[in-house]
1. Of the numbered conditions (1) closer than 13 Å to Glu104 by Cβ; (2) surrounded by fewer than 16 Cβ atoms within 10 Å (Cβ to Cβ), Phe80 fails exactly one; give the number of that condition.
2. Just checking, does the stretch 36-55 include any residue being farther than 21 Å from Phe107 by Cβ, out of contact with any helix residue (DSSP H, G or I) (no Cβ under 9 Å at 6 or more places or on another chain) and at pLDDT below 95?
3. Would you confirm, using the coordinates I've provided, whether Glu104 is touching a residue at least 12 places away in the same chain (Cβ under 8 Å), of a type in the set (Asp, Glu) and surrounded by 12 or more Cβ atoms within 10 Å (Cβ to Cβ)?
4. Suppose we filter the stretch 64-84 for residues that are among the aromatic types (Phe, Trp, Tyr) and over 20 Å from Ile32 (Cα atoms); how many remain?
5. So is Thr60 touching a residue at least 40 places away in the same chain (Cβ under 8 Å), surrounded by fewer than 16 Cβ atoms within 10 Å (Cβ to Cβ) and under 14 Å from the mean Cα position of the chain (by Cα) or not?
6. Does the stretch 24-43 hold any residues that are in contact with a strand residue (DSSP E or B) (Cβ under 8 Å, 6 or more places away or on another chain), within 15 Å of Gly77 (Cα to Cα) and in a loop (DSSP other than H, G, I, E, B), and which are they?
7. If you scan the stretch 8-23, which residues turn out to be in a strand (DSSP E or B) and within 21 Å of the chain's Cα centre (by Cα)?
Amino acid sequence: MRIDAVELYRLRMDLVSPFQTSFVIQTFRDPIIVCVESEGMRGYGEVSTLPWPLYNEEATPTAWLVLTNYLIPDLLGKDFETPIEVAEKLRHWRGQAMAKAALENAFFQNWMPMI
């Protein structure tokens, strides 16, 4: 399946009540939604990073940058037989597990009807 287009959407959702951990009190979530178009089908994935690089090295603003400048251009217009091939294509980029997973999951949703 050829990846024809990828769209990114950044949401902001206020939490009903604050969520507190040992390193931050969070009052909102701002995930990135990834939409992968492939042969007329659409699949969606979520980059579930925090807005700050406190829990791990990924953060929502940097995930957007990495997706836009590196990961998406590496996939656009290319054919993949399985989601594993998508993961293998992105393997050379260090880290960015959540951004990569969102792309892989979105592709997987398009691929599932074929099995």
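The values are calculated or read from the model by the stated rules, or taken from the named source; none is laboratory data. Since this is a predicted model, take the numbers as computed values, not measurements. Glycine also receives a Cβ, built like all others from the backbone with ideal geometry; neighbour counts cover every protein chain displayed.
1. The failed condition is (2).
2. Within the stretch 36-55, one or more residues are farther than 21 Å from Phe107 by Cβ, out of contact with any helix residue (DSSP H, G or I) (no Cβ under 9 Å at 6 or more places or on another chain) and at pLDDT below 95.
3. Here the answer is yes, as Glu104 does meet what is asked.
4. Total meeting the criteria: 1.
5. No, not satisfied.
6. Within the stretch 24-43, Glu39 is the sole residue that qualifies.
7. Across the stretch 8-23, the qualifying residues are Leu8, Tyr9, Arg10, Met13, Asp14.
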